[in-house]
Amino acid sequence: MSEHIHVARDGGVLRISIMRPEKKNALTGVMYDAMRAALESADAGSDIGAILIEGSHGVFTAGNDIADFLKYSGDFSQSPALRFVHAVAACQTPLVAAIDGAAVGVGTTMLLHCDLAYATPAARFRMPFIDLGVVPEAAATLLLPRRVGMARASELLLLCEPFDARKALEMGLVNAVVEPGDLERIALEKAQALAAKPRNALRNARKLLRGDAAEITERIDGEARLFAQALRSPEAFAAMTAFLGKGKG
């Protein structure tokens, strides 16, 4: 497990809290593994009816810790980040997200696999994959156009421009924008409401809502192959090196 991922039960809800404020909750391989293990544990048991994913200290997550990510030298198909993405997409337990502050990269794309999402006015979303010399992940190239339309999906994924909670609500990426002091309470209440529903009926309804699971898995893997190729390119090396340089400045 990771000291930066806090997993706790709150009745029938499993809360996964990202707690690495000194790095804006950027995700390392160890953190991805801890979150994936929590998701898989919830699915394997019968006592968890919903999962709440939340950030801390006014930040959801800044996405990948680029320095940690670049240290990984194994098979990309087995990387902690990709295994987490697969786990989120395959999760059978209802997922609720509570977003405050930055939600970058996977911090935005994972919302495409959540059933409910709530954000504060301070939430800021961005998918900067192309700016980093790689391609989008988590089946974003499949699911985002379906959610927001091709024109907006192209704008968000190709220009990599940030957008706020109001726009996320308008596009249907979040269910509501709530005050910071109400975020935890409201998100937890919604997760508890899901957890109280008949389990089999809820899981079957989610399967129908999500559509073809094999298609989503195939797109995740297709994106991952191109992502892995891009990581070896000079432009990705230059873009990520520049990003790391900005972080030190």
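Every read-out reported here was derived from the displayed coordinates using simple, explicitly stated rules and does not represent laboratory data. Note that this is a predicted model, so its numbers are computed, not measured. No Cβ is skipped: glycine too gets one built from the backbone with ideal geometry, and neighbour counts run over all protein chains shown.
How do 240, 35 rank when sorted from fewest to most other Cβ atoms within 10 Å of their own Cβ? Could you put the intermediate results ahead of the total?
On the way: 240 20, 35 24.
Neighbour counts put them in this order, fewest first: 240, 35.
Explain nothing, just the number: dipole magnitude of the stretch 5-182 about its Cα centre with +1 on each Lys and Arg Cβ and -1 on each Asp and Glu Cβ, in debye rounded to the nearest 20. Intermediate values should be presented prior to the final figure.
Numbers: 15 positive and 20 negative charges, 45 e Å.
Rounded to the nearest 20 debye, it is 220 debye.
DSSP beta bridges in the stretch 5-182, what fraction antiparallel, as a percent rounded to 5? Mind showing how you got there, number by number?
Details: 9 of 29 bridges.
Roughly 30 percent of the DSSP beta bridges within the stretch 5-182 come out antiparallel.
Quick check: residue separation of residue 217 and residue 73 times 0.36 nm, minus the Cα distance between them. What number comes out in nm? Display every interim value, and only then the final one.
On the way: separation 144, 0.36 × 144 = 51.84 nm, distance 2.31 nm.
Stretched fully, the residue 217-residue 73 segment lengthens by 49.5 nm.
Specify which residue in the list 121, 143, 105 is farthest towards the positive end of the charge dipole of the stretch 104-184, using unit charges on the beta carbon of Lys, Arg (+1) and Asp, Glu (-1), about the Cα centre.
Of 121, 143, 105, it is 143.
For a quick check: sort 194, 52 by the number of other beta carbons within 10 angstrom, fewest at the front.
Values: 194 22, 52 27.
By the 10 Å Cβ count, ascending: 194, 52.
Report the label-to-label distance for residue 158 and residue 41 in nanometres (one decimal), using points 7 Å from each Cα along the Cα→Cβ vector.
The two pseudo-label positions are separated by 4.4 nm.
For the Cα atoms of the chain, what angle does the longest principal axis make with the long axis of helix 199-210, in degrees from 0 to 90, nearest 10?
40 degrees
Considering lysine pairs in the chain that are 8 or more places apart or on different chains, how many have Cα atoms under 30 Å apart?
Step by step, the pairs that qualify in the chain add up to 17.
Taking amide H positions as placed in the peptide plane 1.01 Å from N, state which residues far from residue 139 in sequence (5 or more) or on other chains have amide H under 5 Å from it.
Correct list: 220.
For residue 225 paired with residue 170, estimate the spin-label separation in nm (one decimal), with each label point 7 Å from Cα along the Cα-to-Cβ line.
Using points 7 Å along Cα→Cβ, the separation is 3.8 nm.
For the chain, with a Gaussian network of springs between Cα atoms less than 10 Å apart, report the residue from 102, 44, 87 with the top mean-square fluctuation.
Result: 44 has the largest fluctuation of those listed.
For residue 65, what is the net charge nearby, where nearby means another residue's Cβ is under 10 Å from its Cβ and Lys, Arg count +1, Asp, Glu -1? Display every interim value, and only then the final one.
Details: positive: 20, 23, 24, 71; negative: 68.
Once positives and negatives cancel, what remains is +3.
Given a Förster distance of 22 angstrom, what is the FRET efficiency for residue 206 paired with residue 185, based on the Cβ-Cβ distance and rounded to 0.05?
Numbers: r = 24 Å, r/R0 = 1.09.
Taking R0 as 22 Å, the efficiency between residue 206 and residue 185 is 0.40.
Arrange 24, 207, 167 by Cβ neighbour counts within 10 Å, fewest through most, would you? Write down the numbers at each step before the final one.
Working: 24 21, 207 12, 167 15.
Ranking 24, 207, 167 by Cβ neighbours within 10 Å, fewest first, gives 207, 167, 24.
Note down the magnitude of the dipole of the stretch 83-189 about its Cα centre, charges +1 on Lys and Arg C-beta and -1 on Asp and Glu C-beta and zero elsewhere, to the nearest 20 debye. Each step should come with its number before you reach the end.
On the way: 9 positive and 12 negative charges, 62 e Å.
For the stretch 83-189, the charge dipole is close to 300 debye.
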